[in-house]
1. If you put +1 on each Lys and Arg Cβ and -1 on each Asp and Glu Cβ, how big is the dipole of the chain around its Cα centre, in Debye rounded to 20?
2. List the residues, sorted by chain then number, that are 5 or more residues from T155 or on another chain and whose placed amide H is less than 5 Å from its amide H.
3. Residue by residue through region 122-129, which ³J(HN,Hα) values in whole Hz follow from phi under the Karplus form 6.51 cos²θ - 1.76 cosθ + 1.60 (θ = phi - 60°), with glycine and proline marked x?
4. Sequence-distant or interchain residues sharing an amide H contact under 5 Å with L230, placed H: which?
5. Average projected area of the Cα convex hull of region 55-374, in nm²?
6. Less than 14 Å Cβ to Cβ from T270, Lys/Arg counted +1 and Asp/Glu -1: what total charge do the surrounding residues give?
7. Among Y231, F87, H219, flag the residue with its Cα farthest along the positive direction of the charge dipole of the chain, charges on Cβ as +1 for Lys/Arg and -1 for Asp/Glu.
8. Give me the net charge for the shell around H226: Cβ to Cβ below 9 angstrom, other residues only, Lys and Arg +1, Asp and Glu -1.
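Throughout, read-outs are computed from the coordinates displayed, never taken from laboratory work. Since we're looking at a predicted model, the values are computed, not measured. Glycine also receives a Cβ, built like all others from the backbone with ideal geometry; neighbour counts cover every protein chain displayed.
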Amino acid sequence: MSPVEPLMAVVDRIGALDAIREKVEANERLDFEDGLELLESNDLLGLGDLADLARRKRGGSDEVYFVQNLYLNQTNVCRVKCKFCAFAVTQKQSDAYTFTAEQLVEDALRQRELTGFTEIHMVGGESPHLDFDYYVEVVRLLKQAMPQVHLKLFTASEIHHMTKLSGLSHEEVLVELKSAGLGSLPGGGAEVFADRVRRLVAPGKEHSDFWFHTHRTAHRLGIPTHCTMLYGHVETYEERVDHWLRLRDLQDETGGFLAFIPLAFHPENTVFERRGWRHTTGSDDLKMIAVSRLMLDNIQNIKAYWIMMGMPLAQVALHFGANDVQGTVVREQIFHAAGARTETEQKIGELVRFVTDAGRIPVQRDTLYNELRRW
Ligand code: V47
């Protein structure tokens, strides 16, 4: 190899980002190859700059959103053995729990006195020991006890599980939950859509077509939803880009996604820890925020989930295309079971300080991105 060859490769790569910058400046849509170029780039600051440009070109301002929310998990009993999951247990394990609807309400009311949250985010395992009536009752009683609180409950996988429990269609399940008080769906269960990856990390999980069918149906019924990608395990860059493009297509069709949240794989207490898998690095996390913003040109909000990345890196992510830090998050179990060391709760004052120190304007929002308060 001649000494100039590596240099030429670097120059080519810089040239590729320049070509993408021209597209961003012209508000042109990025394609599959662009997505790969971006992921392959080592020009981390260049990626951040480009993502920040894209955010502004598409109407973004200096506002950074957060919601005051409570996390609940109705059960950790799960029939699916996803290899990335450290949260799920079987009914026979000593740490298995399933709360009744009354217990969940009592717990939420106690927390409400302390924090005044506006959203409950609740997900759990796919327990074979529950029936659909249980889920409807949980929603109904939570709504009855706290009519003002938005209920963001159940991943698409759980909705699909409810169709199996009840024999109802996705639409029938969603209609019933909506009339009981369901407000929106969180974005979990998406993992990585590619069949190859799903077979490797979540062989017992439903096909990704069901995830899309659930979200498409929810959007049609006027239930907004969120979307995610679980990255940093066995997926290739190609499979990450494919995942973004599939989400972008559905958003073109329905406009029902409120936000995208990239989720970094936490290996602790999973099969992958035993195989030597390591935690993602800060650069990969920042790259994922930036490329998510660049590829998902029709999803307005990209979340830097501080529970996953920590507040200091989330602050940097605000300059890499993110405009949301999720929320106060009272208690979180899925990432903490898998090794997250972050606090489970941020006081509003602390969130405000972090956002302000990053040079942005903190805005408290409700789940639907209506402004409640700004600093
Ligand atoms: O589907 C599970 C992921 C998801 C691990 O909608 C893991 O606003 C990393 O969906 N390491 C559930 N990730 C959480 C979720 C979520 C989180 C924050 C905001 C929103 C939203 C949704 O957590 C699962 C899976 O993809 N997950 N185990 C793990 N060891």
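1. Values: 42 positive and 54 negative charges, 147 e Å.
The calculated dipole for the chain is roughly 700 debye.
2. The list, which skips near neighbours in sequence, is G124.
3. After applying 6.51 cos²θ - 1.76 cosθ + 1.60, I find 10, 9, x, x, 8, 6, x, 9 Hz.
4. Under 5 Å from the amide H of L230: E191, V192, L263.
5. Details: hull surface 59.6 nm².
Over every viewing direction, the Cα hull of region 55-374 projects on average to 14.9 nm².
6. Working: positive: K81, K83, R274, R275, R278; negative: E191, E268, E273.
Combined, the nearby Lys, Arg, Asp and Glu give +2.
7. With unit charges placed on the Cβ atoms, the residue in question is F87.
8. Numbers: positive: K152, K303; negative: none.
Charge balance near H226 sits at +2.
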